[in-house]
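What follows draws every value from the coordinates through simple rules; no lab data is involved. Since we're looking at a predicted model, the values are computed, not measured. Quick reminder, even Gly has a Cβ in these numbers, built from the backbone with ideal geometry, and neighbours come from all protein chains shown.
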Amino acid sequence: MTNISNGKKKTKRKPFPKNQINKTVPLSYSKKQHWKGGTLLAPIPPALVTVGTMEHPNVLTVAWTGILNTIPPKTYISVRKERYSYPMLVEQKEFVINLPSANLVRAVDFCGVRSGKDIDKFKEMNLTSVPAEKVSAPLISECPLQLECKVTDTVDLGTHTMFVADIVGMDVAEECINQSGKLEIEKCNLLAFAHGEYFTLGKKVGTFGYSVRKRK
Ligand SMILES: Cc1cc2nc3c(=O)[nH]c(=O)nc-3n(C[C@H](O)[C@H](O)[C@H](O)COP(=O)(O)O)c2cc1C
């Protein structure tokens, strides 16, 4: 759809391109209920965080995680003091964020409801620990992507302590890298967590900056 005015070509863009409209959800929401503040941000990654060493590893599920800064690349995990993993994080100041595929949903849930003080979660869930490049905590071989992290700051926030960390390395499954060396993230089939439920990501509906990019 194009308009010609002032000698310049203008392209009218529809707010929702047809192929992206999901007819099962409304296009606009007219009435809202106001709720008290809470932790509703969604979707978020339910990460399998590994701590400890190759000899004595542990893994716990962490949903309170995210990216804090680009250069240097920084992340955080927020962990309760009562977790078995907590003193390991405090002492070692290293961890790995393993991003699970949807195939690992049972392991993700299990590692978030059972403690390493009682059982070996790697063994129970058939997870394979492999050495990381830059930190002592292991990678989980079954996860397609990893962020290797070194803690730089801790912030006591209330129920949780936030471990702020430098992302010192990343591990990317070769099966998810194309011939040009680009990560094709859809091949990772990543798992999402939203309001207490696990989801797969669904289909791609755009790429960064596509809304203003000119068609070739
Ligand atoms: C989906 C999901 C997300 C979770 N996110 C967090 C979190 O962000 N921080 C936290 O301290 N515990 C979180 N938990 C709970 C811990 O993973 C759980 O208490 C676990 O058993 C701790 O393991 P550990 O005792 O071996 O360290 C989460 C659990 C689930 C199922």
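Output the peptides 170-180, 27-37, 84-94 sorted from most to least packed, where packing is the average of other Cβ atoms within 10 Å over each peptide's residues. All intermediate terms of the calculation are to be shown ahead of the outcome.
Values: 170-180: 11.5, 27-37: 5.4, 84-94: 17.4.
Per-residue Cβ counts within 10 Å, averaged per peptide and sorted highest first, yield 84-94, 170-180, 27-37.
Among rounded, prolate and oblate, which fits the range 47-200 when a ≥ b ≥ c are the square roots of the eigenvalues of its C-alpha gyration tensor, a/c under 1.5 means rounded, and a/b larger than b/c means prolate?
Values: a/c = 1.40, a/b = 1.19, b/c = 1.18.
Rounded.
Report the label-to-label distance for residue 54 and residue 133 in nanometres (one decimal), using points 7 Å from each Cα along the Cα→Cβ vector.
1.6 nm
What full-extension length gain, to one decimal in nm, is calculated for residue 68 and residue 81 as 0.36 nm per residue of separation minus the Cα-Cα distance?
Length difference between fully extended and current span is 2.5 nm.
Rounded to the nearest 20 Debye, what is the dipole magnitude of the range 47-200 about its Cα centre when Lys and Arg each give +1 and Asp and Glu each give -1 at the C-beta?
So the dipole magnitude of the range 47-200 works out to roughly 280 debye.
Starting from the Cα of residue 117, step 7 Å along the direction of its Cβ; do the same at residue 102; then give the gap between the two resulting points in nm.
It is 3.6 nm.
Return the subset of 23/203; 81/121; 121/150; 150/187 for which the Cα-Cα distance in this structure is over 21 Å, preserving the input order.
Working: 23/203 15 Å; 81/121 19 Å; 121/150 23 Å; 150/187 28 Å.
As for pairs spanning more than 21 Å Cα to Cα, those are 121/150; 150/187.
Restricting to DSSP H runs of at least four residues, report the calculated mean residue ellipticity at 222 nm for the chain, -39500 (n - 2.57) per run over all residues, nearest 500 deg cm²/dmol.
Calculated from helices alone, the mean residue ellipticity at 222 nm is -2000 deg cm²/dmol.
Would you mind calculating the gained length between residue 31 and residue 157 on full extension (0.36 nm times residue separation, minus the Cα-Cα distance), in nm to one decimal?
Extra length available between residue 31 and residue 157 comes to 42.0 nm.
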